[in-house]
């Protein structure tokens, strides 16, 4: 038993890390579980706002215990959060979190859906959220999700009745769900959707409540539970060797960019849902009570059920292929049922079971991971029947050109068939996340094709349809073309196959700062998507700026090779900003995209095409000091931003900090969430404070307030205070302090143009040694004075700031640069005067 459990657990972990790269090969246990789900015709939809909001315990329970088709509708892709594993933020972070959600669903058994809502950052009230999101469009997306998924049961993660008590996105997700519950069955609401789908009325709506929403366990224990249902979600699954809560913990741990890696839990655990709308279940232990979830739900389903319930009852774990004749009979019957919704779902599920029972392995692997439109690619095909069932490959068909190639290959048991074919790729669209192909705004992504709204990712561009005869009955399987290869240090690797431009360009920095009117060399990376590509590149500069040369030639022989082309950019005389655009021309066709590749071990490789451009800022800024030490926390681009304005920034490994190696720095800056993520800092703090005591400047950027001690030199208490309105009024409390006056005069206008927020996790208590510099607040709230604190410590200065410099500097906000330069320069005025006297 131990060996079996260990195997199942190990297989699960391995399959999660490679789920979207390698084809899934199911064990007999997994096939049987899929047969059980095949015989359950009921759906549940869980609704919340972000990746990580979902209750994986309940999703796993509904999917694995109830066997229900269970979806998670995350209104956003988590674009507004932080990234603990790399530098990607905003839309690129949304791409990562989308894939992490898909990885989580591959563990808990759920289905992933989205809306077009853009996670613009923390919001304190749904009024603000729904204004920025465009309520009607997001509501339409929720209605669309209900009409397409057709859930019997909807469960909200958050309480729609308590606006203003939690993240505005959270409450908004629940409010929209409650409203959409009624609208989804109304033909007069969003009638354009009904060209593709029909109306739908879910049976019941719940709120996934808990003691947390009541403020304490005691209050929840005393609460009226007459309208609540409860479930012990600690179910143990012998076929998996895991309990439901263990499964849920593994699913949650897929959210690595949010630092959600966690210990597994097991044993009894109760989940509660509160009834909100619809018909109340007669059996409070069964959320689907009173809903027909058998094959009799669909017309003609009785005969199908008779066949498939028998397969489930007498499933052969040693030789599942013995069920293929029966499964093929059921397949033919399901193809004929009138209910299109359940027909499509069950055909897909049954095909997966048939393929697994046959041990059928099919693959289409290209020689590289990408090609360009209007090209020809070589594809290696493999087909293998690992059962004793009669099987024949009759033909293959390519979606790229509709070409059908006859094969008529007898698939003898365990006799591999390999062959090669050329695929002609027409003028196909480039591969990229579909929601990023059109310009978007702060609150919403733009998707022209309304039928794909909510899909987790773009459909793979090149797909192959395998047409087979199994037991003399036709059946087809469609798979995407991939690239399969190996590396000696990694083994077998599968990568998605992409359609990419013939040439892409990349400006190294997304923001280029000109701290005076001197020209700068700007390097442009030109990357070839094919062999022997040549042409010209140019930079389009804002009015009043100049670039030389006007264009430059490039020539690249090898695919995926790059060539660096240098330009000289001269800024305007006065302070200004604009956009620098890169344009490549090949055979009279212009290319203006940058290729961003995201490649982490826990998700499939992602290829994202974005406009090839950078923000340029001509900034009048003065700075004192030259060499800055930077301790990276959870990852930000502040160090690179400081290099942009001329600082020599040296990144410091906390492990190497001692009393000697800090002396030569003019200032030391600690990155965001460093004390949250770097345990070794607590042991090195004495050296950092000694550095300050001896005359250094130390700037500590924000940390979350949960279970962290930043070990400041004086009492300092972090809180959850934040100002989310990036346009909130700022009052200068320390008008005469050098931090606002030297070497740059900071005025209220320097707080214009900030992005996403003012700041977060401000201290709310501090000792008298600190001087609060700024005051700000969101509408209707009390003033928050802890955004920037400075204290004299020995000969130096200790500064703590929750201002979101990690967003503002990479965005090229000039006022943020001026303020940060002043922070680095505090106390340096006397040193400059001394130098002048010596001269």
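The values are calculated or read from the model by the stated rules, or taken from the named source; none is laboratory data. All of these numbers come straight from a predicted model, not from anything done at the bench. Positions of Cβ are backbone-derived with ideal geometry, glycine not excepted, and every protein chain shown enters the neighbour counts.
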Worksheet, complete the sentence: Taking the range 139-184 and keeping only residues that are free of Cβ contacts under 8 Å to residues at least 12 places away in the same chain and on the phi > 0 side of the Ramachandran plot, one is left with none
Discussion item. With the requirement that a residue be in contact (Cβ under 8 Å) with a residue 12 or more places away in the chain and in a loop (DSSP other than H, G, I, E, B), what does the range 254-274 give you?
Written reply: 254, 255, 259, 260, 262, 263, 264, 265, 266, 267, 268, 269
Discussion item. Can you find a residue that is modelled with pLDDT of 90 or more, closer than 25 Å to residue 600 by Cβ and in a helix (DSSP H, G or I) anywhere in the range 37-49?
Written reply: no
Worksheet item: Looking at the range 479-515, which of its residues are in contact (Cβ under 8 Å) with a residue 24 or more places away in the chain and part of a loop (DSSP other than H, G, I, E, B)?
Response: 481, 497, 500, 501, 502, 509, 510, 515
Worksheet item: Which residue, of 623, 615, is within 30 Å of residue 517 (Cα to Cα) and in a loop (DSSP other than H, G, I, E, B)?
Response: 623
Worksheet entry | Entirely in the range 725-839, the strands (runs of 3 or more DSSP E) that have 3 or more residues that are in contact (Cβ under 8 Å) with a residue 60 or more places away in the chain and not assigned by TED's automatic domain parsing to the domain that holds residue 580 | 788-793, 796-801
Worksheet item: Which residues, taken from the range 163-178, are more than 25 Å from the chain's Cα centre (by Cα) and crowded, with 16+ Cβ neighbours inside 10 Å?
Response: 163, 178
Item to complete: Kindly indicate whether any position in the range 231-244 is in a helix (DSSP H, G or I) and within 30 Å of residue 181 (Cβ to Cβ).
Response: yes
Worksheet item: Would you call residue 194 closer than 30 Å to residue 448 by Cβ, in a helix (DSSP H, G or I) and assigned by TED's automatic domain parsing to the domain that holds residue 128?
Response: yes
Fill in: the range 398-414, residues that are surrounded by fewer than 17 Cβ atoms within 10 Å (Cβ to Cβ) and under 20 Å from residue 481 (Cα atoms)
401, 402, 403, 404, 405, 406
Discussion item. Exactly one condition in (1) in a loop (DSSP other than H, G, I, E, B); (2) surrounded by 21 or more Cβ atoms within 10 Å (Cβ to Cβ); (3) at pLDDT 95 or above is false for residue 160; which is it?
Written reply: (2)
Worksheet item: List pairs: first in the range 89-107 and not assigned by TED's automatic domain parsing to the domain that holds residue 434, second buried (at least 24 other Cβ atoms within 10 Å of the Cβ) and part of a helix (DSSP H, G or I), Cβ under 7 Å, 6+ apart or cross-chain?
Response: 93/257; 96/257; 97/257; 100/257; 104/56; 104/251; 107/247; 107/251
Fill in: Given (1) out of contact with any strand residue (DSSP E or B) (no Cβ under 9 Å at 6 or more places or on another chain); (2) more than 25 Å from residue 641 (Cα to Cα), index of the condition residue 719 fails
(1)
Worksheet item: Out of curiosity, is residue 774 under 18 Å from residue 671 (Cβ atoms) and crowded, with 19+ Cβ neighbours inside 10 Å?
Response: no
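Picking from 526, 511, 541, which residue would you name as being under 32 Å from the mean Cα position of the chain (by Cα), in the same structural domain as residue 598 (by TED's automatic domain parsing), surrounded by 14 or more Cβ atoms within 10 Å (Cβ to Cβ) and under 25 Å from residue 620 (Cβ atoms)?
None of the other options fit; the residue is 511.
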Worksheet item: When you go through (1) touching a residue at least 60 places away in the same chain (Cβ under 8 Å); (2) out of contact with any helix residue (DSSP H, G or I) (no Cβ under 7 Å at 6 or more places or on another chain); (3) within 22 Å of residue 470 (Cβ to Cβ) one by one for residue 342, which number turns out not to apply?
Response: (3)
Discussion item. Restricting to the range 67-85, and then to whatever is touching a strand residue (DSSP E or B) at 6+ places or on another chain (Cβ under 8 Å) and part of a loop (DSSP other than H, G, I, E, B), can you tell me which residue is farthest from residue 118 (Cα to Cα)?
Written reply: 68
Discussion item. Condition (residue is at pLDDT 95 or above and farther than 22 Å from residue 726 by Cβ) applied to the range 81-95: is it met by at least one residue?
Written reply: yes
Discussion item. Which condition from (1) within 30 Å of residue 87 (Cβ to Cβ); (2) within 38 Å of the chain's Cα centre (by Cα); (3) crowded, with 20+ Cβ neighbours inside 10 Å is the one that residue 826 breaks?
Written reply: (2)
Worksheet entry | Identity of the residue in the range 452-473, within 23 Å of residue 335 (Cα to Cα) and exposed (fewer than 14 other Cβ atoms within 10 Å of the Cβ), that ends up modelled with the highest pLDDT | 473
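For the range 686-710, which residues satisfy the criterion of being part of a loop (DSSP other than H, G, I, E, B) and either under 14 Å from residue 770 (Cβ atoms) or modelled with pLDDT under 95 (or both)? Steps first, answer last, please.
Taking the range 686-710 as the starting set, the residues that turn out to be part of a loop (DSSP other than H, G, I, E, B) are 694-696, 701-710.
704, 705, 706, 707, 708, 709, 710, listed by residue number.
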Response to the item:
All conditions in (1) touching a residue at least 60 places away in the same chain (Cβ under 8 Å); (2) more than 30 Å from residue 592 (Cβ to Cβ); (3) part of a loop (DSSP other than H, G, I, E, B) are true of residue 432 except (2)
Discussion item. I'd like to check something: does the range 637-646 contain any residue that is assigned to a helix (DSSP H, G or I), within 34 Å of the chain's Cα centre (by Cα), surrounded by fewer than 20 Cβ atoms within 10 Å (Cβ to Cβ) and in contact (Cβ under 8 Å) with a residue 40 or more places away in the chain?
Written reply: yes
Item to complete: Any residue in the range 304-317 that's free of Cβ contacts under 8 Å to residues at least 60 places away in the same chain and assigned by TED's automatic domain parsing to the domain that holds residue 350: show its pairings with residues that are outside any helix (DSSP H, G or I) and surrounded by 11 or more Cβ atoms within 10 Å (Cβ to Cβ) at Cβ separation under 9 Å, as long as the two are six or more apart or on different chains.
Response: 304/298; 304/337
Practice prompt. Go through the range 286-296 residue by residue and tally those that are buried (at least 16 other Cβ atoms within 10 Å of the Cβ), touching a helix residue (DSSP H, G or I) at 6+ places or on another chain (Cβ under 8 Å) and either without any contact (Cβ under 8 Å) to a residue 60 or more places away in the chain or farther than 20 Å from residue 354 by Cβ (or both).
Written response: 1
